[in-house]
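Bear in mind these aren't lab numbers, they're just calculated from the coordinates by the rules spelled out. Values in this document were obtained by computation on a predicted structure and should not be read as measured data. Every residue, glycine as well, gets a Cβ built from its backbone with ideal geometry; the counts of neighbours run over all protein chains shown.
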Amino acid sequence: MTAPRFNRILLKLSGEVLMGQGQFGIDPATCERVALEVKEAIETGLQVCMVVGGGNIFRGLAGAAQGFDRASADYMGMLATVMNALAMQNAMEKIGVQTRVQSAIPMASVCEPYIRRRAERHMEKGRVVIFAAGTGLPFFTTDTTAALRAAEMNCDALFKGTSVDGIYDADPKKVPTAKRYDSLSYDRVLADNLKVMDASAVALCRDNNIPIVVFNIRDEGNLSAVLCGEGASTIVQNETASA
């Protein structure tokens, strides 16, 4: 693997990725595979932090739609992200990657509280930091959390691992002729409502000039390939860079 183009990245994983081929919960084999890819990346000298969603366990919006109070449902979703973060920490430490989980909701018996400067210090020492419990506030998605933490950590890019290999002009699972974009501007994503991330997350990345790289994390080895500029992906960046 050649040296990556970035020095520090935030990797955003949806909770659904951790289900593997299942319909619910956490698949240990998938956690291990993702952990091995992260390990390969940091062995090049790349600094990595992560945000993991909780949709494989509980999704706040879905809970609210079923009658839960929205704030309560969001807090439940935040707790689900802590479970996923601990699962990823376990997978990475089993293969020798030092990892710290920091939660925006303090739970001292389980993990560290979120402290920005402590997180930066962990990354400087080569540890992977997993940010859990979202922002600690309801009504914010883990996409927004990822954009916020990427800005706070001065990351060079936000890598969003999904189940498709980039951003399309239509749902490629429903429209076989859908076109994949290689590069897009933040404003185009917002204007066309492409839904790669929620609007506040895209705007936050735009305002802090943090490229968003969308790729398929379900394909084994794809993280390493995309970091080298070889795998299929879509990059969202300012118009000058994407021109």
Hull shadow area, averaged, segment 25-106 [alpha-carbon convex hull, nm²]: 5.8 nm²
Ignoring everything except DSSP H segments at least 4 long, calculate the 222 nm mean residue ellipticity for the chain; use -39,500 (n - 2.57) per segment, divide by total residues, nearest 500. -11000 deg cm²/dmol
Rg to Rh, two decimals, where segment 8-242 supplies the alpha carbon set and Rh follows Kirkwood: 0.94
Hand me the tally of lysine pairs in segment 8-242: alpha carbons under 20 angstrom apart, and the pair either on different chains or 8 or more positions apart. 13
Tensor-based shape of segment 159-243 (alpha-carbon gyration tensor, a/c under 1.5 rounded, otherwise prolate or oblate): oblate
For segment 8-242, what is the percent of antiparallel DSSP beta bridges, rounded to the nearest 5? 15 percent
Please work out the FRET efficiency for the pair K39 and A71, using the Cβ-Cβ distance as r and a Förster radius of 45 Å; give the result to the nearest 0.05. 0.75
Which value, in debye to the nearest 20, gives the size of the charge dipole of the chain about its Cα centre, when Lys and Arg are +1 and Asp and Glu are -1 at the Cβ? 380 debye
Per the Debye formula with a single identical scatterer at each Cα and no solvent contribution, what log10 I(q)/I(0) holds for segment 1-145 at q = 0.09, 0.11, 0.18, 0.19 Å⁻¹? -0.26, -0.39, -1.01, -1.11
Using a 7 Å offset from the Cα along the Cα-to-Cβ direction at both D219 and D207, what is the distance between the two label points in nm, to one decimal? 3.4 nm
